[in-house]
Amino acid sequence: MMQSRHRGWKSNEGVSLLEAMAALFVLSVGLMGLMKMFLVAMDTTKELHEQDIAMRAIQNEMEVLRAHGRIEEGTDGDERAFESITPELERLFDAKSSVQVRPYSETSVALREITLRVVWTSRHGRRIEKKATTLMRAEE
């Protein structure tokens, strides 16, 4: 009688070990998925932070242009770097800023179309560009 109990207990012990291994496998797969989601969320947060820096630099330059109240002569079609200084822009890898001024002839008012652009390289080697376009009255 003691032998049959002992045999039954040994067979249950093997099943418990198999169940424990299966549970550990399921748990480890779940944890790897959770870690992957965490890493994707961190990359997305970093990318959004970089885009925020670029848009802030664009807004700063736009305010500088509006504060001047004029656009220098001889700048039509040329690209030049930003006049404003946004220290955070240095955090972006290989960042280049540019302002391009073109005539805007769809109205009778002398307007210029101004495109402000920041281009940088992301951590994964992808080129990212943020730009904004506005209109400003040209000097007469």
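Overview of results
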{"quantity": "Val15 vs. criteria surrounded by 13 or more Cβ atoms within 10 Å (Cβ to Cβ), of a type in the set (A, V, I, L, M, F, W, C) and either at pLDDT below 80 or within 23 Å of Ile128 (Cβ to Cβ) (or both)", "calculated": "no"}
{"quantity": "Scope the range 37-65; condition under 17 Å from the mean Cα position of the chain (by Cα) and buried (at least 18 other Cβ atoms within 10 Å of the Cβ); matching residues", "calculated": "Glu50, Ile53, Ala54, Ala57, Ile58"}
{"quantity": "Hits in the range 105-121 (condition: at pLDDT 90 or above, surrounded by fewer than 16 Cβ atoms within 10 Å (Cβ to Cβ) and over 13 Å from Met62 (Cβ atoms))", "calculated": "Thr121"}
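The values are calculated or read from the model by the stated rules, or taken from the named source; none is laboratory data. Model, not experiment: these values are computed from the prediction. For neighbour counting, all protein chains shown are included, and Cβ atoms are generated from backbone atoms with ideal geometry for every residue, glycine included.
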